[in-house]
Amino acid sequence: MVIPPIYCNSSIKMEGRNGRIHLTIGSRVPNSLKFPPKKGASTLDDVEVMVPFSRAVRTANLTASVGTVLYDEAAKVARWNVGKLPLGIITGKQPELTGLLLLQPGTKLDENPDINMSWRVPVASISGLSINSLQLSNEKYRPYKGVRTLTKSGKFTIR
């Protein structure tokens, strides 16, 4: 089982035509990331959270404690670009997204939206795959002997 290096706690509460959203993200310890022997824990880079709302949502007023949040009125999608997030235990305040939702007249929100997340971790591997040696033949130049690993999130959805 793969344990992702990030978590997201979400709370969406509706009361009549108004609602509140509260998201908290942070890094998870332990996780399935494997680092080279001489490299320690790194950071989660390009952390982005996307919340697609239903057509019942008229508008959203969102604020983020870290990074920037943009709400697209036409597509009904909120994009929260957090940026970098340190791996390991964070002693300070966790990044939070809070806001108010306003529904269209005569509609109600039947279910909470799926939350999509993406990130990448340089110098890390999920599988633990490592390269011991590499040989190139018939090359006129001297290649650089080094391997760089990068872990990307792919499609990560929280329901």
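The values are calculated or read from the model by the stated rules, or taken from the named source; none is laboratory data. Keep in mind the model is a prediction, meaning the values are calculated, not measured. Positions of Cβ are generated from backbone atoms using ideal geometry, with glycine treated the same way; all protein chains shown enter the neighbour counts. The area values use the complete protein model at the heavy-atom level, side chains included, leaving out ligands, DNA and RNA. Shrake-Rupley method; radii C 1.70, N 1.55, O 1.52, S 1.80 Å.
Between Leu70 and Ile3, the distance separating the two model label sites (each 7 Å from Cα on the Cα→Cβ line) works out to 3.6 nm. Only Lys, Arg, Asp and Glu carry charge here, each on its Cβ (+1 for the first two, -1 for the last two); on that basis the chain has a dipole of about 520 debye about its Cα centre. Ignoring lysines fewer than eight residues from Lys13 along the same chain, the ones with Cα atoms less than 29 angstrom from its Cα are Lys76, Lys84, Lys93, Lys108, Lys155. Note on Gln135 and Lys155: with the Förster distance fixed at 25 Å, the Cβ-Cβ geometry gives a FRET efficiency of about 0.10. A 1.4 Å probe run over the range 46-140, with the rest of the protein chains in place, finds 62 Å² accessible per residue. Subtracting the Cα-Cα distance of Gln94 and Met50 from 0.36 nm times their residue separation leaves 14.1 nm of extension gain.
Across the accessible surface of the chain, with the other protein chains kept in place and a 1.4 Å probe, carbon and sulfur atoms take up 51 percent.
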